[in-house]
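Since the structure comes first, as structure tokens, the remarks are kept for the end.
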Amino acid sequence: MQKVKVAIIGAGSISEVHLNAYVKNPLAELVAICDLNEDRAKEKASKYGIPRTETDYRVLLADPEIEAISICTWNNTHAEISIAAVQAGKHVLCEKPLCQTMEQAYAVQDAVKASGQVLQVGFVRRFGTNVQILNKFIEAGDLGEIYYAKASILRRLGNPGGWFSDKKRSGGGPLIDIGVHIIDICWYLMGRPKVKSVSGNTYTKLGNRSNIQNLSFYKAADYDAEKNDVEDLANALIRFENGASLFVDVSFALHSKKDETSVKIFGDKGGAEVEPELNIISEKHNTILNMSPQVNALTFDFEQGFYNEIEHFLLACRGEVQTISPVEDGVEMMKILTAIYESAEKGSEIQF
Ligand SMILES: NC(=O)c1ccc[n+]([C@@H]2O[C@H](COP(=O)([O-])OP(=O)(O)OC[C@H]3O[C@@H](n4cnc5c(N)ncnc54)[C@H](O)[C@@H]3O)[C@@H](O)[C@H]2O)c1
């Protein structure tokens with residue numbers, strides 16, 4: 001198969017993981033990298049042997065040689081760059097979240113449909129080995145009808161600062177940043193049911209806890225403790241048309257004993273824990289069984305997850321597969337996320 005000529009837009013932290021996956025993949029050729037910060041783009045270009053750098057993504061998109069792009073920029077630019085890219089005839093892998101508002105989500109979807117290009121949303125957890133293994137059990141009917149899921153990512157001290165805590169550029173705090181991953185993974189494993197109603201709460205009680213000493217946490221490159229207008233904690237109950245429900249809570253700051261990540265789904269024939277470790281729960285001969293798959297990685301394997309996601313994207317660019325993470329799923333996820341924020345603001349349930 002002919003190599004796909006790829007450019008990266010946004011040369012910050014996550015671009016590194018995209019770059020590593022493209023470099024390892026024989027189906028990809030990295031031809032350009034773009035960032036508002038020229039030095040950052042140049043530094044990545046020299047590290048990965050990329051021949052061209054740009055600071056204006058529009059100049060990059062005008063190059064007919066480029067077939068596909070990875071969007072690794074701030075959330076407020078995802079819709080604008082996605083639309084411009086598909087209109088310029090490029091395939092797009094857009095980091096999560098798809099965008100910030102429903103208006104943007106529908107505009108991206110319309111542009112993708114009109115262009116016939118591939119747009120894959122970066123729901124990378126779908127490509128984790130633990131999820132792919134579990135999906136085989138679900139597709140074989142081993143869990144039966146999945147009617148409940150529960151997911152948490154609770155960080156006691158984990159507001160990355162910089163653009164992440166600037167609502168204008170991020171669209172929100174832990175809900176849109178990390179909540180999107182776990183809501184998506186439950187929704188995907190539940191068979192992508194239509195959302196019926198959402199009831200959510202957000203809290204801004206603790207701020208970014210930048211006063212805490214002697215405990216390190218991930219900080220954005222442009223960390224600024226003064227700037228923070230996003231929620232510390234969000235929770236929600238999401239009901240689906242098929243009667244299933246999902247309970248979720250996520251935080252950047254919380255008086256919690258330790259950080260925790262947990263994703264669980266429950267069906268009428270079996271259940272499963274996806275995080276922190278894959279476990280499949282069943283019943284046989286009147287005995288409950290907790291089954292622990294004997295595999296290399298029971299938790300989300302970051303590098304492999306991104307490798308799988310990018311391999312799938314490249315195959316979709318070549319028409320070998322239909323992406324399992326299409327723009328429509330990005331739109332559905334935005335529906336849930338924006339409804340949680342709206343419900344929290346109004347103090348009442350949002351019905352669809
Ligand atoms: N899938 C995951 O697990 C995962 C993890 C982290 C981040 N992300 C997503 O990746 C995206 C980037 O996050 P990050 O952690 O790399 O942030 P970052 O701040 O480290 O990097 C973002 C880069 O984008 C550049 N940029 C912003 N607007 C631009 C524009 N219009 N044109 C060119 N460059 C532009 C910035 O200068 C910066 O270098 C976000 O959407 C985030 O949600 C996904």
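Residues of region 305-326 with an amide N closer than 12 Å to a point placed 7 Å from the Cα of Met1 along the Cα-to-Cβ direction: 310-323. Measure out, as a whole number of angstrom, how far apart the alpha-carbon centroids of region 1-48 and region 303-350 sit. Rounded to whole Å, the Cα centres lie 22 Å apart.
Region 243-301 and region 79-100 have Cα centres separated by 33 Å. Seen from Asp259, the other residues with C-beta closer than 11 Å to its C-beta sum to a net charge of +3, counting Lys and Arg as +1 and Asp and Glu as -1. To the nearest ten degrees, helix 180-189 and the longest principal axis of the Cα atoms of the chain are 60 degrees apart. Here region 235-263 is scanned for amide nitrogen atoms under 19 Å from the site 7 Å beyond the Cα of Lys219 along Cα-to-Cβ, giving 252-254. At q = 0.07 Å⁻¹ the log10 of I(q)/I(0) for the chain amounts to -0.30, computed by Debye summation with a single uniform scatterer per C-alpha, solvent ignored. Pull out a ≥ b ≥ c, the square roots of the eigenvalues of the alpha-carbon gyration tensor of region 293-335, then state rounded if a/c is under 1.5, prolate if not and a/b is larger than b/c, and oblate in the remaining case. Note, shape of region 293-335 comes out oblate.
Between the residues Phe123, Tyr106, Ala62, the greatest Cα displacement towards the positive end of the dipole of region 54-178, with unit charges on the Cβ of Lys, Arg, Asp and Glu, is found for Phe123.
Fully extended, how many nm does the chain gain between Thr101 and Val295 (0.36 nm per residue separation, minus their Cα-Cα distance)? Additional length available on full extension: 65.9 nm. Shape class for region 106-188, computed from the alpha carbon gyration tensor (a ≥ b ≥ c): oblate, with a/c not under 1.5 and a/b at or below b/c. Between His285 and Ser13, what is the label-to-label distance in nm when each label sits 7 Å out along the Cα-to-Cβ direction? The answer from the label model is 5.0 nm.
Label-to-label distance for Lys227 and Gln87 is 2.7 nm, based on points extended 7 Å past Cα in the beta-carbon direction. The local environment of Gly172, defined by Cβ-Cβ distances under 12 Å, has a net charge of -4 under the rule Lys, Arg +1 and Asp, Glu -1. Extension gain, Val23 to Lys194: 0.36 nm times the residue separation minus the Cα-Cα distance gives 57.8 nm. In this Cβ point-charge picture (+1 for Lys and Arg, -1 for Asp and Glu), region 228-278 has a dipole of about 240 debye about its Cα centre.
Label separation (Phe352 vs Asp63): 3.9 nm, computed from points 7 Å beyond Cα along the C-beta direction.
The residues packed around Glu16, meaning those with a beta-carbon under 10 Å from its beta-carbon, carry a net charge of +2 if Lys and Arg are +1 and Asp and Glu are -1. Is the C-alpha gyration tensor of region 1-83 telling us rounded, prolate or oblate? Criteria: a/c under 1.5 is rounded; beyond that, a/b larger than b/c is prolate, otherwise oblate. Here region 1-83 falls in the rounded category. In loop segments of region 199-240 as defined by DSSP, the trypsin sites (Lys or Arg not before Pro) with at most 14 further C-beta atoms inside 10 Å of their C-beta are Lys205. Length available on full extension from Glu328 to Phe302: 0.36 nm per residue minus the Cα-Cα distance, which gives 6.9 nm. Dividing the summed -39500 (n - 2.57) terms of all DSSP H runs of n ≥ 4 by the residue count of the chain sets its mean residue ellipticity at 222 nm at -10000 deg cm²/dmol.
For region 217-236, backbone nitrogen atoms closer than 17 Å to the point 7 Å from Asn211 Cα along Cα-to-C-beta are found at 225-228, 232. Near Ala28, the amide H atoms lying under 5 Å from its own belong to Val4; only residues 5 or more places off or on other chains count, and H is placed 1.01 Å from N.
Since every read-out is calculated from the coordinates, none of them should be taken as a lab result. Computed from a prediction, not measured in an experiment: that's the story for all the values here. Please note: Cβ atoms are built from the backbone with ideal geometry, for glycine as well, and neighbour counts cover all protein chains shown.
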